[in-house]
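In what follows, a single structure is set out as structure tokens and then discussed.
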Amino acid sequence: MGFIRFNPTLVPIWTSSPSSSLSHTSDNATCGSPAWIGKGLTCVCFKRKGNCQRICISLTPLQEERLRRLKRRMKVYFDGSKLDHQEALRALWSASFPGQELRSLISDQWKEMGWQGRDPSTDFRGAGFISLENLLFFAKTFSISFQRILKKQGGKGAVWEYPFAVAGVNITFMIMQMLDLDATKPRSFVRAVFLQMLSENEWAFDLLYCVAFVVMDKQWLERKATYMEFNDVLKSTRVQIEKELLMDDVLRIEDMPSYNLLC
């Protein structure tokens, strides 16, 4: 999967491998050796609140089915010729700008939302149709947070200089890399923990996306970041998300501390 391009400068997604275990397999994290990874073992002990909790590689039937569905979503490319993809774009516009008519699917109006050009379909290449689904889920589920970020309420000048929609596509891509769901064997505890959450809620990926978006925006403001620092902010967002997923008592996306930023 390639880089996602901001116009006019190429801003690469953070491509280092997911925290491959090894920052999370210290004595503070596990009850045993990190050598379980790739060695055919089906479970590992994971320390939460001083107690060992088993994280299993072997998935339950429910986890397997939900993981299959999520993987299918992740493999769908955006296709502007498909009616359902066109309708999803129109739905995103309606959710983003209620009462404002979209004149055409190819229009300068899209630039108001932070797409690079008149045709947003060209910006989905890096993360596919799921990145549009994520934006639409955010807009409909947490409309106040979505509108606040989209319309840059409370921002001052250069503090807000990142393109909202393209940033959203980058966040989808970052989460896909972090979770590493195509791996035959898990290479991080974050992936294993997420699969447990997926069994609790089929929309765990979309909820995690919303959390990641508000975390990224918060860090952007706190750092008073500039356009060229977007990739650094995305890196620190990933670190924060991974940290929260591995916290004590975080058994669902809704338990993450940063979930409280959503409204």
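The values are calculated or read from the model by the stated rules, or taken from the named source; none is laboratory data. Because the structure is a prediction, the values reported are computed rather than measured. Here Cβ is always computed from backbone atoms with ideal geometry, including for glycine, and neighbour counts include all displayed protein chains. Surface accessibility is based on the protein's heavy atoms, side chains included, excluding ligands, DNA and RNA. Shrake-Rupley method; radii C 1.70, N 1.55, O 1.52, S 1.80 Å.
Counting only residues that are surrounded by fewer than 16 Cβ atoms within 10 Å (Cβ to Cβ) and among the β-branched types (Val, Ile, Thr), how many does the stretch 181-197 have? Walk me through how you get there before you give the answer.
Of the stretch 181-197, the ones surrounded by fewer than 16 Cβ atoms within 10 Å (Cβ to Cβ) are 182-185.
Those left that are additionally among the β-branched types (Val, Ile, Thr): 184.
Summing the residues that are surrounded by fewer than 16 Cβ atoms within 10 Å (Cβ to Cβ) and among the β-branched types (Val, Ile, Thr) in the stretch 181-197 gives 1.
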If you go through the stretch 226-244 one residue at a time, do you hit one that is more than 26 Å from Ser58 (Cα to Cα), part of a helix (DSSP H, G or I), of a type in the set (Gly, Ala, Ser) and open to solvent by less than 10 Å² (accessible area, probe 1.4 Å)? no
In the stretch 54-99, the residues that are open to solvent by 60 Å² or more (accessible area, probe 1.4 Å) and in a helix (DSSP H, G or I): Pro61, Leu62, Glu64, Arg68, Arg69, Arg72, Leu83, Asp84, Glu87, Arg90, Ser94
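Please find, among Gly99, Gly80, Gly40, the residue that is closer than 24 Å to Ile171 by Cβ, of a type outside the set (Ser, Thr, Tyr) and at pLDDT below 95. Before you say what the answer is, go through the steps one by one.
Details: Gly99 fails: closer than 24 Å to Ile171 by Cβ; Gly40 fails: closer than 24 Å to Ile171 by Cβ.
Answer to the check: Gly80.
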Does at least one position in the stretch 198-219 carry a residue that is touching a residue at least 60 places away in the same chain (Cβ under 8 Å), farther than 24 Å from Leu150 by Cβ and surrounded by 23 or more Cβ atoms within 10 Å (Cβ to Cβ)? yes
Tell me yes or no: at least one residue of the stretch 190-208 is closer than 21 Å to Gly168 by Cβ, touching a Phe, Trp or Tyr at 6+ places or on another chain (Cβ under 7 Å) and of a type in the set (Asp, Glu). yes
Exception for Tyr162 within (1) without any contact (Cβ under 8 Å) to a residue 12 or more places away in the chain; (2) hydroxyl-bearing (Ser, Thr, Tyr); (3) in contact with a Phe, Trp or Tyr (Cβ under 6 Å, 6 or more places away or on another chain) falls at (1)
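Out of the stretch 125-144, which residues are surrounded by fewer than 24 Cβ atoms within 10 Å (Cβ to Cβ) and in contact with a helix residue (DSSP H, G or I) (Cβ under 6 Å, 6 or more places away or on another chain)?
Matches in the stretch 125-144: Gly126, Leu136, Phe137, Ala139, Lys140, Phe142.
Here is a yes/no grid of residues against (1) closer than 17 Å to Ile175 by Cα; (2) touching a strand residue (DSSP E or B) at 6+ places or on another chain (Cβ under 7 Å); (3) not aliphatic (A, V, I, L, M):
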{"site": "Ala212", "(1), (2), (3)": "yes, no, no"}
{"site": "Met216", "(1), (2), (3)": "yes, no, no"}
{"site": "Arg223", "(1), (2), (3)": "no, no, yes"}
{"site": "Tyr227", "(1), (2), (3)": "no, no, yes"}
{"site": "Phe230", "(1), (2), (3)": "yes, no, yes"}
{"site": "Val233", "(1), (2), (3)": "yes, no, no"}
{"site": "Arg238", "(1), (2), (3)": "yes, no, yes"}
{"site": "Glu244", "(1), (2), (3)": "yes, no, yes"}
{"site": "Leu251", "(1), (2), (3)": "no, no, no"}
Unmet criterion (only one of (1) touching a helix residue (DSSP H, G or I) at 6+ places or on another chain (Cβ under 7 Å); (2) assigned to a helix (DSSP H, G or I); (3) open to solvent by 50 Å² or more (accessible area, probe 1.4 Å); (4) of a type in the set (D, E, K, R)) for Asp249: (2)
